[in-house]
1. Using a simple spin-label model with points 7 Å from Cα along the Cα→Cβ vector, what separation in nm is obtained for H60 and L255?
2. Got a sec? Which residues in the stretch 386-404 would a label at S362 touch, if it sits 7 Å along Cα→Cβ and we count backbone N under 14 Å?
3. Full extension from S466 to S405: what is 0.36 nm times the residue separation minus their Cα-Cα distance, to one decimal in nm?
4. Using 20 Å as the Cα-Cα cut-off, could you pick out the over-long pairs in K144/K331; K452/K489; K434/K526; K41/K526?
5. Not counting ligands, DNA or RNA, and with a 1.4 Å probe, what is W292's accessible surface area in Å² rounded to the nearest 10?
6. Give the whole-number value, in cubic angstrom per residue, of the convex hull volume spanned by the C-alpha atoms of the stretch 240-303.
7. Quick one: if you stick a label point 7 Å off each Cα along the C-beta vector at T284 and K224, how many nm between them?
8. What does the C-alpha gyration tensor say about the overall shape of the stretch 338-493? Classify as rounded when a/c is under 1.5, otherwise prolate if a/b is larger than b/c, or oblate.
Amino acid sequence: MSFQSTGGVGGTGPNANMAASLDDDFEFNNQDYYSLLNVRKEATLEELKASYRRLCMLYHPDKHRDPELKGQAEQLFNQVHQAYEVLSDAHSRAIYDIFGKKGLEVEGWEVVERKRTPAEIREEYERLQREREERRLQQRTNPKGTISVGVDATDLFDRYDEDFEEMPGGGFPHIEINKMHISQSIEAPLTNSDTAVLSGSLSTHNGNGGGNINMTVRRVTSAKGWGELEFGAGDILGPLLGLKVFRNITPRCFLTAQCGLQFSPRGLRPSCSLMTARHLDQNTMGYLQWRWGPNSAMTTSLVRDTKSSHFTLALQLGVPHSYLMMSYQYKFQDEDQTKVKGSVKTGWFGTVVEYGAERKISRHSVLSATVSIGVPQGVTLKIKLARASQTYLFPVHLTDQLLPSAVFYATVGPLLLYMAIHRLVIIPYTQAQKEQELELQRKSSATDIAKKKQEAESAVLLMQESVRRIIEAEESKMGLIILNAWYGKFVSDTSQKQEKAKVIDVTVPLQCLVKDSKLILTESSKAGLPGFYDPCVGEEKSLKLLYQFRGVMHQVISADIESLRIPKQSHRIESES
């Protein structure tokens, strides 16, 4: 038995008016034709015809004499006919697959010639969508910012008690902010190929500060490359003039060249860098960079990025910095996108070992903490919060020495603090947000739910006679009999009243789909099946089924979007004698 899901496909249209009419449509209104016909999204024309004929025989208005039932049957019959008309035509099916039902109702498809194939229609849609996104970019900026606040907390571990005993208030450690950096940038698309970027930054360290402002104009010259010209000025180093060029050499290799002139009080300071990169395989990149100027160096690195891990190996030879660095990051496949990472870096400056973790704490926020242990740098805790396009950094320097106590508190302290905040603040907040969104969704869809419920009840009435014949035929050969079936959200609470408010009885609709002692539903949401509706919009649903096959009772509990086939021994089935 396989189960079908409603999943209306939304999207932007082939012109601005069409796009506006399709955007932000509530998907509940977008009836799933595949679910209604109980076929796969890859169904052939023969499969569509077979399902259509069977449903026509079931819901044909001429089979009912009662005026009320006849009217209900006519309504459902028309829905089935409409679904078949759309899916049996390659042109309209391609439009439906991209835009959903709303796409078929919008004017403007004259821009897409009917002789085009589904693949050409999809290409046209993607091209028009890119143009629309480019128009959007011209109407907005893309602000990006970073705020870094350095904290000197060495007094917590490096203090000398005998000295503090002689000073007033010496019993309390002294923690101060010793440096701060703020940077901000905005983008302004000028044309489809030109973009201007304005950025600036301010920095202060132990009472000494400075700032700079930069203006960059970037032009996309072709699909293979782009170039940008940079102008800058600051209160310390003086004006800056730079040029950067990017070029795809081959589909697997690209080159970046950059040169600059810094007008400083000490004279003209030129710089130049050249970097080439190549795809070694689908997940591995190799980089080679040469840099000449105040910090000349040659760097080579290997980066491997997969779905579950990220590995980097880099070697730099230069003046004054030469080092060897290796880092590894493991990505957990969970909802919060948790990552743990570790790295070691050694060179003329000493050795630094880092380890930490990163986790998504909300839809647009990512929090990470890293402990850095080095010789002679000491121990530093780095906390980073990325919120949309804004980044907040808090490096806390704990000690200049390698003290086990500092390492312990830098590791355990943030972990315990995060667990406490996550349990006391984040979880209640996200749950409240979800409940609020669900409540708004329920209110906005209340009319649609009532309509779908009425349609489902009408469909069940139309199925009664067919179900009676199916049951008689199945009983005669000890076939498949659906004893009870419920669809919706099953709560663990013992309150039966609360459970019934979340589920609907779908015994008759499922029995009506039994053919030759088999029940097959495609992989999708069940809410689009005849006789079904969504009793709890926006919440996770499942199907609970009790059936009899060859004199033995079985029970199946299945997630909403899941493909099942009954009877099938490989599924989780609890048998009862």
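The values are calculated or read from the model by the stated rules, or taken from the named source; none is laboratory data. All values derive from a computational prediction rather than experimental measurement. When we count neighbours, we look across all protein chains shown, and the Cβ atoms used for this are built from the backbone with ideal geometry, even at glycine. Please note that ligands, DNA and RNA were not included when accessible areas were found on the heavy atoms of the full protein model with its side chains. Shrake-Rupley method; radii C 1.70, N 1.55, O 1.52, S 1.80 Å.
1. 7.3 nm
2. 386-392
3. 14.3 nm
4. Values: K144/K331 26 Å; K452/K489 17 Å; K434/K526 23 Å; K41/K526 14 Å.
Too far apart for the 20 Å limit: K144/K331; K434/K526.
5. W292 exposes around 120 Å² with every protein chain in place.
6. That works out to 75 Å³ per residue.
7. Once both label points are built, they end up 2.7 nm from each other.
8. prolate
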